[in-house]
1. How many residues are within 12 Å of the ligand (Cβ to nearest atom) and either touching a Leu at 6+ places or on another chain (Cβ under 6 Å) or touching a residue at least 60 places away in the same chain (Cβ under 8 Å) (or both) if we restrict to the range 129-155?
2. For the range 58-68, check the following and say yes or no: at least one residue is buried (at least 22 other Cβ atoms within 10 Å of the Cβ), charged (D, E, K, R) and outside any strand (DSSP E or B).
3. In the range 199-221, what residues are under 16 Å from Leu284 (Cα atoms) and either under 29 Å from the mean Cα position of the chain (by Cα) or among the polar types (S, T, N, Q) (or both)?
4. Please go through (1) part of a helix (DSSP H, G or I); (2) open to solvent by 20 Å² or more (accessible area, probe 1.4 Å); (3) not small (Gly, Ala, Ser) for Glu81 and return the number of the only condition it doesn't satisfy.
5. Scan the range 65-112 residue by residue and report those that are among the basic types (Lys, Arg) and within 11 Å of the ligand (Cβ to nearest atom).
6. Can you give me the number of residues within the range 90-115 that are touching a strand residue (DSSP E or B) at 6+ places or on another chain (Cβ under 9 Å) and either free of Cβ contacts under 8 Å to residues at least 12 places away in the same chain or closer than 23 Å to Leu9 by Cβ (or both)?
7. Restricting the search to the range 205-237, which residues are surrounded by 19 or more Cβ atoms within 10 Å (Cβ to Cβ) and more than 16 Å from the ligand (Cβ to nearest atom)?
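The values are calculated or read from the model by the stated rules, or taken from the named source; none is laboratory data. It should be emphasised that the depicted structure is a prediction, and the values quoted were computed from it without experimental measurement. For neighbour counting, all protein chains shown are included, and Cβ atoms are generated from backbone atoms with ideal geometry for every residue, glycine included. Heavy atoms of the whole protein, side chains included, go into the accessibility calculation; ligands, DNA and RNA do not. Shrake-Rupley method; radii C 1.70, N 1.55, O 1.52, S 1.80 Å.
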Amino acid sequence: MASVAFLGLGVMGYPMAGHLRNKGGHDVTVYNRTKAKAEQWVGQHGGSAAKTPAEAADGKDFVFSCVGNDDDLRAVTIGAEGAFQTMKKGAIFIDNTTASAEVARELAEKAQVRGFSFLDAPVSGGQAGAENAVLTVMVGGEQKAFDEAKPVIDAYARMVGLMGPAGAGQLTKMINQICIAGLVQGLAEGIHFGKKAGLDIEKVIEVISKGAAGSWQMENRHKTMNAGKYDFGFAVDWMRKDLGICLAEADRNGAKLPVTALIDQFYKDVQAMGGKRWDTSSLLARLEK
Ligand SMILES: NC(=O)c1ccc[n+]([C@@H]2O[C@H](COP(=O)([O-])OP(=O)(O)OC[C@H]3O[C@@H](n4cnc5c(N)ncnc54)[C@H](OP(=O)(O)O)[C@@H]3O)[C@@H](O)[C@H]2O)c1
């Protein structure tokens, strides 16, 4: 049993912290900016709630975070009341936020100077993956810290991989998002075309999902897309944040991402339709507008 802190009890963090407590059997202290959520978590799982990230991280072996973006991550780490103020030497900070590779490298360097480790560890698998403890975790950082953290991360993951040095976890997550963006648009166009052609979409997907066109998005999203339901899942706002990170990194490394740039603009249209919190499969709603 390790002493653990978890910062950020959102859609993802709340169940992930729960698995660290219940499945991992760890002693968990939580912090959430909106206090009511932290109190609810302690009421449900036990453990304790701290008033600041610094208070939560004080003396812990492992400190996890899952907040929104680069700025939020900086606030809970190097902010005035951030975790880096109190992290003990030899401890490990594991960040599950989807953020830039730059902020990961910056925080890894700052952690090293202070005598503890930082791992960028973004996740894939969505809300259901977090709730069912089957997330894929893409890690960047030192081998030694990875080996120590992996058994703890395992509490909420099905696959945990060390991808390279600091930032490599975030770079891998960018590839994940680049692959998804074009694929969801393809699926949206397929369903849109099928409806226009007067075919039974359920029947079409039942057959083609077993062939070369099959995908996680097809399996998990075709029913809700066909029904026009988008009030769940991975928010368009988050996807635009992620694609922005991908496009900025491509500017730096010279990669060409024409389809990713186009889909980012399609998601901008979805936001303008009122779909900021809709699931990313809502690209179909844009075609049906
Ligand atoms: N949802 C998904 O399916 C999914 C899948 C993979 C990856 N991700 C990534 O995981 C991260 C979290 O996503 P989520 O869906 O869990 O988001 P969410 O439900 O909006 O939760 C965000 C969490 O971060 C906290 N937070 C935000 N800004 C903060 C700040 N400046 N200081 C302190 N706390 C702050 C929020 O606190 P409050 O409660 O006070 O607002 C909340 O606990 C994002 O980077 C997202 O891209 C999400």
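1. From the range 129-155, those within 12 Å of the ligand (Cβ to nearest atom) are 129-131, 135-138; that's our starting set.
Narrowing further to those that are either touching a Leu at 6+ places or on another chain (Cβ under 6 Å) or touching a residue at least 60 places away in the same chain (Cβ under 8 Å) (or both): 129-131, 135.
Summing the residues that are within 12 Å of the ligand (Cβ to nearest atom) and either touching a Leu at 6+ places or on another chain (Cβ under 6 Å) or touching a residue at least 60 places away in the same chain (Cβ under 8 Å) (or both) in the range 129-155 gives 4.
2. Just the residues of the range 58-68 that are buried (at least 22 other Cβ atoms within 10 Å of the Cβ), to begin with: 60, 62-67.
Filter again for charged (D, E, K, R), leaving 60.
Pick out the ones that are also outside any strand (DSSP E or B) and you get 60.
Scanning the range 58-68 turns up at least one residue that is buried (at least 22 other Cβ atoms within 10 Å of the Cβ), charged (D, E, K, R) and outside any strand (DSSP E or B).
3. From the range 199-221, those under 16 Å from Leu284 (Cα atoms) are 201-202, 205, 217-221; that's our starting set.
Hits for the range 199-221 are Ile205, Gln217, Met218, Glu219, Asn220, Arg221.
4. With (1) part of a helix (DSSP H, G or I); (2) open to solvent by 20 Å² or more (accessible area, probe 1.4 Å); (3) not small (Gly, Ala, Ser) applied to Glu81, the lone miss is (1).
5. Quick first cut of the range 65-112, residues among the basic types (Lys, Arg) only: 74, 88-89, 105, 110.
Arg74 - this is the single residue of the range 65-112 that is among the basic types (Lys, Arg) and within 11 Å of the ligand (Cβ to nearest atom).
6. So in the range 90-115, the residues touching a strand residue (DSSP E or B) at 6+ places or on another chain (Cβ under 9 Å) come out as 90-99, 101, 103-105, 107-112.
From the residues that got through so far, the ones that are either free of Cβ contacts under 8 Å to residues at least 12 places away in the same chain or closer than 23 Å to Leu9 by Cβ (or both) too are 91-99, 103-104, 107, 111-112.
Number satisfying all stated conditions: 14.
7. Hits for the range 205-237 are Ile205, Met218, His222, Met225.
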